Amino acid sequence: MKENCKGRAGGYNCVVCIKQVPDTKKVTGEAMKADGTINRAALPAIFNPEDRNALEAALSVKERYGGTVTAIAMGLPAACAILREALMCGADAAYLVTDRKAAGSDTLATSYILSQAVKKFNPDLVFCGRQAIDGDTAQTGPQIAEKLDFAAITYLEKLDLDGDFATAVRDIGTGVETDRVKLPALFTVTEKFGELRPFDVRRVMKYKKAKAPVENGGAAMEGDLAIGQLSCDDIGCDPERCGFAGSPTNVNKIVSVVLAGGDYKEIAPTDEGVKALVDELAADHTIG
Ligand SMILES: Cc1cc2nc3c(=O)[nH]c(=O)nc-3n(C[C@H](O)[C@H](O)[C@H](O)COP(=O)(O)OP(=O)(O)OC[C@H]3O[C@@H](n4cnc5c(N)ncnc54)[C@H](O)[C@@H]3O)c2cc1C
């Protein structure tokens with residue numbers, strides 16, 4: 001444990017949820033399929049940006065107070081790429097949750113499956129990104145906390161630990177709020193926490209060949225090279241709460257909104273201008 005860090009003997013057991021997402025900055029004409037779903041094959045897959053900040057938060061806890069960091073990604077076998085990155089940055093263990101029963105999961109089912117996986121590791125602290133750049137709902141972290149009955153602290157910027165308590169500074173838009181919370185707790189992290197540290201060269205050499213069984217003909221790799229693989233059954237999921245069966249969300253329609261150059265209105269910076277704007281927004285039920 002470093003100086004000025006109270007922490008506690010034995011350190012803290014951290015789990016971080018990381019998601020592989022299509023790189024929405026590289027959107028082309030093929031990005032969406034005719035049925036309105038994302039054409040994942042047409043977009044490069046990346047480590048969700050705020051999950052990199054979440055991993056940094058977990059690694060900084062380990063660095064300051066001792067303990068372990070376990071990274072979990074739910075998704076297709078390709079998501080092992082970001083689990084390897086997590087190992088190369090300093091995570092102690094990595095697990096892929098992958099199962100056909102999880103296909104079609106909305107945020108309710110995703111957070112249920114992830115909460116079951118997280119529970120397996122009995123963590124003191126769970127870190128998620130604030131939101132994923134593809135689904136963009138920011139619901140998954142708080143929903144995992146709710147299912148585990150953990151306190152949820154969103155928009156984390158800074159974190160200190162002391163015994164069984166965390167002092168968390170969170171962004172509230174107009175400033176910051178400092179909360180003191182009893183562990184276990186879940187934190188959603190933004191870029192304000194700080195950038196993910198670079199790969200450690202020795203760890204790159206060590207983990208570049210790490211694989212999950214699904215990438216290795218079904219067999220687990222030996223020792224450090226093993227990325228764990230968990231099915232819905234392995235983590236005790238109720239099949240009725242996974243995939244399509246557990247997903248009440250119904251996407252009615254997806255509309256591609258392209259704003260034309262003239263789609264804006266100038267409001268005079270006067271009391272009358274503001275009143276007219278408020279009246280107009282109230283009339284079309286945008287507010288009120
Ligand atoms: C009806 C419906 C069907 C869907 N079907 C599919 C499908 O078949 N395949 C598919 O890929 N998506 C599918 N999705 C999208 C999927 O539900 C969301 O991607 C997922 O629930 C996470 O929501 P989000 O992307 O808004 O993440 P957010 O809530 O914005 O994510 C917040 C944080 O939660 C964590 N997190 C979120 N998802 C994961 C994950 N998978 N693994 C690890 N950590 C995670 C990360 O830390 C992330 O930063 C479907 C969505 C709907 C509504």
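Structural remarks
- Residue list for region 103-149, restricted to those being out of contact with any Lys or Arg (no Cβ under 9 Å at 6 or more places or on another chain), near the ligand (Cβ under 6 Å from one of its atoms) and acidic (Asp, Glu): 106, 136
- Note on region 44-87: among residues that are of a type in the set (Lys, Arg) and under 22 Å from residue 120 (Cβ atoms), the one that is surrounded by the most Cβ atoms within 10 Å (Cβ to Cβ) is 84.
- Within region 98-151, the set of residues being in contact with a strand residue (DSSP E or B) (Cβ under 6 Å, 6 or more places away or on another chain), in a helix (DSSP H, G or I) and either over 19 Å from residue 48 (Cβ atoms) or of a type outside the set (A, V, I, L, M, F, W, C) (or both) comprises 141, 142.
- Of all residues in region 152-193 being polar (S, T, N, Q) and part of a loop (DSSP other than H, G, I, E, B), the one that is farthest from the chain's Cα centre (by Cα): 174
- Residues of region 216-250 that are of a type in the set (A, V, I, L, M, F, W, C) and part of a loop (DSSP other than H, G, I, E, B): 219, 220, 221, 227, 232, 235, 237, 242.
- Residue 187 in contact with a helix residue (DSSP H, G or I) (Cβ under 9 Å, 6 or more places away or on another chain), of a type in the set (Phe, Trp, Tyr) and more than 22 Å from residue 229 (Cα to Cα): yes
- Residue count, region 166-209 (criterion: surrounded by fewer than 17 Cβ atoms within 10 Å (Cβ to Cβ) and in contact with a Ser or Thr (Cβ under 6 Å, 6 or more places away or on another chain)): 1
- Whichever residue in region 205-255 is over 22 Å from residue 115 (Cα atoms) and among the charged types (D, E, K, R) and, among such residues, is nearest to the ligand (Cβ to nearest atom): 253
- Looking only at region 211-220, residues that are touching a residue at least 12 places away in the same chain (Cβ under 8 Å) and in contact with a strand residue (DSSP E or B) (Cβ under 7 Å, 6 or more places away or on another chain) come to 3 in all.
- For region 62-97, filtering for residues that are assigned to a helix (DSSP H, G or I), away from the ligand (no atom under 14 Å from the Cβ) and out of contact with any helix residue (DSSP H, G or I) (no Cβ under 8 Å at 6 or more places or on another chain) leaves 4.
- Qualifying residues in region 1-24 (those that are at pLDDT 70 or above and away from the ligand (no atom under 16 Å from the Cβ)) - the one nearest to residue 136 (Cα to Cα): 13
The values are calculated or read from the model by the stated rules, or taken from the named source; none is laboratory data. Just so it is clear, the structure is predicted and the values come from calculations on it, not from any experiment. When we count neighbours, we look across all protein chains shown, and the Cβ atoms used for this are built from the backbone with ideal geometry, even at glycine.
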